[in-house]
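Working notes, structure below.
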Amino acid sequence: MELTYRPRRLRRTPALRALVREYSLSAADFIYPLFVHEGAEVEPIGAMPGASRWSLAALTGEVQRAYDLGVRCIVLFPKVSEGLKTEDGAECFNANGLIPRAISQIKEAVPEMSIMTDVALDPYSCDGHDGIVSQDGVVLNDETIELLCKQAVVQAEAGADLIGPSDMMDGRVGAIREALDDEGFEHVGIISYTAKYSSAYYGPFREALDSAPRAAGSKPIPKNKDTYQMDPANAREAITEAQLDEQEGADIMMVKPGLAYLDIIHRLRQESELPIAAYNVSGEYSMVKAAAERGWIDEKAVVLETLLSFKRAGADLILTYHACDAAAWLKEA
Ligand code: PBG
């Protein structure tokens, strides 16, 4: 055949393929999520093979391991003891709570590691919602924000570098920015869960923290988070959320979940100049782990291909439970 264009010419050797490669992965772009609890044991999480609830004592070792592999940021999630959970989740701003203690301990042991935190009430709420639930079953916006601001300030005081509001209350980014600035934390950044969808992919995470919505007393508790997290059917609405977050002072914008929402990552990339993060959430992780355990897929190849897809869609950084494994595989290559 007389073909002028033969795209295969540039695929012929590994060197030529590397020469024209458009996107790449780096361990420095990963944020590694870690679960922490008060117990003395490191407890494996049933629905997330390879992930654990770390004791405070063992946590620093895992952070050091991640650092040695090239990971430069972690995010912490607390499994709060049932006895500390209340309707207003006030434990979230206890300066001696699990998260502030974990942050100061890590900052002392591995000072170069950046720490991101999660701001929301769900791990601290006996109702399992990200905000306060009123007596008639409504998740209250403005009342919740007051608590979130206190939570953010306590996390910043303990040494957090990036505050991550995951609650989806309206106006929380601006309010948290103001609260941080008022307390002298103008250097602490906000990585906003900008387009966070009401997703079934969070199932394993809610098992890890025992934080799913539940009815404790006589109060009606919404069974899902549909009145604050976004409808999976909506794409334009993500742009609106992004515009608001930018105006309110977000430093980084996140799309969550990642894999089923690559189109949203791509759209935010085109709409904004801010760094975009993708959250490769628990359900996405567990599906890969389950198939790999059965020998149905090649875990390493699938994980690296998936992480690359976030980059190609336009993400600058990726929150992923595969962070350490992927960092180790990238070192091999
Ligand atoms: C809490 C929070 C959730 C996740 C991160 N922060 C769960 C939820 O909103 O119900 C999910 C993370 C994952 O599934 O990996 N607001």
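The values are calculated or read from the model by the stated rules, or taken from the named source; none is laboratory data. Predicted model only: the values in this text are computed from it and were never measured. Cβ coordinates were reconstructed from backbone atoms using ideal geometry, including for glycine residues, and neighbour counts include every protein chain displayed. Side chains included, ligands, DNA and RNA excluded: accessible areas come from the protein's heavy atoms. Shrake-Rupley method; radii C 1.70, N 1.55, O 1.52, S 1.80 Å.
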What is the angle, in °, between the Cα long axis of helix 262-271 and the longest principal axis of the Cα atoms in the chain? Nearest 10 is fine, range 0 to 90. 90
Cα lying deepest toward the dipole's positive end in segment 24-254, options A160, Y202, G217, charges on Cβ: Y202
Using the Cα gyration tensor of the chain, with a ≥ b ≥ c the square roots of its eigenvalues, what is the shape: rounded (a/c below 1.5), prolate (a/b larger than b/c) or oblate (neither)? prolate
Whole-angstrom gap from segment 59-86 to segment 166-194, using each part's C-alpha centre: 21
Solvent-accessible area per residue for the chain at a 1.4 Å probe radius, Å²? 45
When the accessible area of segment 281-325 is split by element with a 1.4 Å probe, what percent falls to carbon and sulfur? 53
Please work out the C-alpha center-to-center distance from segment 208-251 to segment 1-29 and express it in whole Å. 41
Given unit charges at Cβ for Lys, Arg (+) and Asp, Glu (-), the dipole magnitude of the chain about its Cα centre in debye, nearest 20, is 1940
Helix 299-313: inclination vs the chain longest Cα principal axis, degrees, rounded to 10, gives 80
With charges set only on the Cβ (+1 for Lys and Arg, -1 for Asp and Glu), what does the dipole of segment 1-132 come to about its Cα centre, in debye to the nearest 20? 1400
Connecting C-alpha atoms closer than 10 Å in a GNM of the chain, tell me which of L19, L262, L319 has the biggest fluctuation. L19
Between 0 and 90 degrees, rounded to the nearest ten: what's the tilt of helix 282-293 against the longest Cα principal axis of the chain? 50
Put +1 on the Cβ of every Lys and Arg and -1 on every Asp and Glu Cβ in segment 4-44; which of G39, L25, P7 then has its Cα farthest towards the positive end of the dipole? P7
Positive-end residue of H187, P123, V288, charge dipole of the chain with Cβ unit charges: V288
Under the rule of at least 5 residues apart or a separate chain, name every residue whose amide H is placed under 5 Å from the amide H of I297. A292
Show me the trypsin sites (Lys or Arg not before Pro) within segment 1-68 that DSSP assigns to loop and that have at most 10 other Cβ atoms within 10 Å of their Cβ. R12, R21
Between the alpha carbon centres of segment 298-321 and segment 93-155 the gap in Å comes to 28
Using the structure shown, select from K79/K300; K79/K311; K85/K150 the pairs with a Cα to Cα distance greater than 19 angstrom. K79/K300; K79/K311
Accessible area of segment 24-254 belonging to carbon and sulfur atoms, whole % at 1.4 Å probe: 49
Trypsin sites (Lys or Arg not before Pro) in segment 283-325 lying in a DSSP loop, each with at most 15 other Cβ atoms within 10 Å of its Cβ, come to R294
For the chain, set up a GNM with springs between Cα atoms under 10 Å and report which of S286, S192, S26 has the largest fluctuation. S26
If contacts are Cα pairs under 8 angstrom and at least 6 residues apart, what is the relative contact order of the chain in percent? 19
Restricting attention to segment 207-275, which GluC sites (Glu not before Pro) occupy a DSSP loop and are surrounded by at most 10 other Cβ atoms within 10 Å? E273
Dipole magnitude of segment 175-333, debye to nearest 20 (Cβ charges: Lys/Arg +1, Asp/Glu -1, about Cα centre): 760
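Full extension from S55 to N96: what is 0.36 nm times the residue separation minus their Cα-Cα distance, to one decimal in nm?
Numbers: separation 41, 0.36 × 41 = 14.76 nm, distance 1.57 nm.
Full extension from S55 to N96 adds 13.2 nm.
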Any residue on another chain or 5+ positions along whose placed amide H is under 5 Å from the amide H of I31 is listed here as I318, L319, T320
